[in-house]
Amino acid sequence: MERVVVQIDADATLPFWRGAQVFRFASVAYAIGAQVVSVNAEVPVGSGVPAYSHPLISWLLIALLVIWSGVSGLVYAFELLPRPPMVITELVITVLLIASTMWVVRPEYYHHHQSLPSTFWVTNAVVSVALLWGPIAGGVTGVGLSLLSLGVEEQFHNVVTDATTPILLTVGVTLGIGARIVTRAQQELSAAVRMQAATKERERLAREVHDGALQVLALMRRRGADLDGDAAELGRLAGEQEQALRTLISRQAAMPGIDETTELRSRLQAVLPADVAFSGPADAIHLPDAMVTELVAVVVTILDNVARHAGDGARAFVLLEDLGDEVVLTVRDDGVGIPDGRLGEAEAEGRMGVSKSIRGRMADIGGEALLDTGPDIGTEWELHVPRGDGQDGARD
Amino acid sequence: MGPVTDDATTIMVVDDHPMWRDGVSRDLESAGFQVVATADSVAAAATRAQATQPQVVLMDMQLPDGNGADATARVLEVAPQANVLVLSASSERDDVLQAVKAGACGYLVKSASATELLDAVNATAQGQAVFTPGLAGLVLGEYRRMASEPTPVGAEPTPSLTPRELEVLRLVAKGLSAKQIGRRLDVSHRTVENHVQATLRKLQLSNRIELTRYAIEHELD
């Protein structure tokens, strides 16, 4: 058994999440470095006044930052927990850490420096939101955290010259767009893979039916044809089922047209009774939908007529020809033929004569119907339809 | 239905469906033919055709290791005097055309009656083309397709039908028998059959030329 393993519906953004955790690791290292440098600083330099009002608490906060980064990094990279609550928690922690600057650091220092968890580390929250909720949420988070950070530092007047806002906005929007694109691509790929699998399965079923049931039905029909009575009837029924199954399979295999055309041959073969001999070219013949529908209807009308009037044992033949600039359908029977004058009589009586109906319907689709009949040659209708500008012909 | 004699026509039945294969073989044997081999794949058909050199090969179109066209070509390679009669379901039209171009000389639908099958096998054994309306329609379509395609510069001209051959082929495709066609065109039914054979031979010849040219161009000798 052939087995194809395709990861459909897998999380397409997972590679992004993993990449983001590498960045998180680097940003944690930077945050620790910044803490080590700043915690013993003095404002102004050489004044002996420490920059931090609560250095111990600031260390605890940095420890929280490190632990949280480790936990969230693992959770995101290995999908250990659902992401939405993690991302919300991350946002809350980030906001609190930015705000904590005002508590642990003296205003003289933080007014001119970065907030405690630096811009660099704050970016992680923006990345997570963008990957999870897309470009708009990502952009809004980026701008929001940037403004909060500037507000804490009382640097609002620098919002235009400070790089924080544009950087965080860009990160949020671009990563959000990237995540959306790969997610959509993944969905489309999954849909395509599913459709392909369904088509494969249909083809396999068609082969199975062809190799099994159809062969048996064909055999029953063949053997039944040589017998009498009930056996012959069974054979005939088997033949009808064989034809119905074949039709079903061929219809199923036909792909819907991408334009407004339909394949004439398969449509025609689908409606032909089992005892009508069909011949035609190997290549498909595409005509406008309306034209195919009308042509098939006309052929069915003629065949009904054959069944009614051609006499017992009359056989019917359908020939389909593609002449390039026109398509010709010939419906012939080897029955008794229509005696001279009969068609005219029918028309004279004002009835909806066969001839009138068939000719009129062919004229409607821009074609014509030619009749050849006689007592010893049966009846032969030749239906001609123009090719190419057929739709224009159907309209005039 | 005569008994099997020494000069009975030898037949190989190629079909992967055992029930069909046995049923047809039984019918053929009770009608006096000698089924010398059966095969259920392209590979088996080639091996057994070489070993038994049957006069007639009944060929299914769908085989587990290839299609009937491949099988026809392989069989005729090792048993050139064999006459291949394709038995097919109507849905495999393109394959049937390929098999005919590969050298099969007849085509019958699987739903044909036992009598039709025996008649077809008899005709095939005598080297006559078994031209159902369906096959005539395919051949007609193929000539028209070839005519509509431009011939590459310097290539052999594609074969075409004479007006009379076209007329005959159309009538066959419309279901007329050779006798009926002869009456209509005021010629003997033999003449009609010769026209039909000619259309098939030209098609097979052009296919061989095409294959040879392909082989030379791609140095596949």
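The values are calculated or read from the model by the stated rules, or taken from the named source; none is laboratory data. The structure displayed is predicted, hence computed values, not measured ones. Cβ coordinates were reconstructed from backbone atoms using ideal geometry, including for glycine residues, and neighbour counts include every protein chain displayed.
Residue pairs, Cβ under 7 Å, 6 or more apart or interchain, first in the range A:22-50 and among the aliphatic types (A, V, I, L, M) and modelled with pLDDT of 85 or more, second outside any helix (DSSP H, G or I) and surrounded by 15 or more Cβ atoms within 10 Å (Cβ to Cβ). List them.
Within 7 Å, the pairs are A:A31/A:P117; A:A31/A:S118.
Each row is one residue, and each column tells you yes or no for (1) buried (at least 21 other Cβ atoms within 10 Å of the Cβ); (2) part of a helix (DSSP H, G or I); (3) in contact with a strand residue (DSSP E or B) (Cβ under 9 Å, 6 or more places away or on another chain).
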site	(1), (2), (3)
B:M12	yes, no, yes
B:M19	no, yes, no
B:S25	no, yes, yes
B:P54	yes, no, yes
B:D70	no, yes, yes
B:R74	no, yes, yes
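Say whether the condition of being more than 30 Å from A:G235 (Cβ to Cβ) and part of a helix (DSSP H, G or I) is met by at least one residue in the range A:215-222.
no
Go through (1) in the same structural domain as B:T199 (by TED's automatic domain parsing); (2) part of a loop (DSSP other than H, G, I, E, B); (3) within 17 Å of B:Q204 (Cβ to Cβ) one by one and return the number of the condition B:T151 breaks.
Condition (3) is where B:T151 drops out.
Which residues, taken from the range B:171-221, are part of a loop (DSSP other than H, G, I, E, B), modelled with pLDDT of 85 or more and over 22 Å from B:C105 (Cα atoms)?
B:D186, B:V187
Let me spell it out: the conditions are (1) under 24 Å from A:A284 (Cβ atoms); (2) surrounded by fewer than 22 Cβ atoms within 10 Å (Cβ to Cβ), and B:Y107 meets all of them except one. Which number is the exception?
(2)
Taking the conditions exactly as written (at pLDDT below 85, more than 17 Å from B:R208 (Cβ to Cβ) and within 10 Å of chain A (Cβ to nearest Cβ)), does B:R144 satisfy them or not?
No: the conditions fail for B:R144.
Do we have A:E79 as more than 33 Å from the chain's Cα centre (by Cα), at positive phi and modelled with pLDDT under 90 here? Full working, then the answer.
Values: more than 33 Å from the chain's Cα centre (by Cα): no; at positive phi: yes; modelled with pLDDT under 90: yes.
The answer is no for A:E79.
Would a scan of the range B:44-65 turn up a residue that is in contact with a Gly (Cβ under 7 Å, 6 or more places away or on another chain), within 14 Å of chain A (Cβ to nearest Cβ) and within 18 Å of B:A89 (Cα to Cα)?
Checking the range B:44-65: at least one residue is in contact with a Gly (Cβ under 7 Å, 6 or more places away or on another chain), within 14 Å of chain A (Cβ to nearest Cβ) and within 18 Å of B:A89 (Cα to Cα).
Scan the range B:137-148 and tell me whether some residue there is outside any helix (DSSP H, G or I) and either outside the structural domain of B:Q81 (by TED's automatic domain parsing) or at positive phi (or both). Talk me through it step by step, then tell me what you get.
Of the range B:137-148, the ones outside any helix (DSSP H, G or I) are none.
No, there is no match, as no residue in the range B:137-148 is outside any helix (DSSP H, G or I) and either outside the structural domain of B:Q81 (by TED's automatic domain parsing) or at positive phi (or both).
Looking at the range B:111-137 only, could you name the residues that are in contact (Cβ under 8 Å) with a residue 40 or more places away in the chain and either within 23 Å of A:E242 (Cα to Cα) or within 11 Å of chain A (Cβ to nearest Cβ) (or both)?
B:A114, B:L117, B:L118, B:F131, B:P133, B:G134, B:A136
What residue, among those in the range A:260-287 that are within 7 Å of chain B (Cβ to nearest Cβ) and farther than 21 Å from A:A307 by Cβ, is nearest to the chain's Cα centre (by Cα)?
Filtering first and then ranking leaves A:D283.
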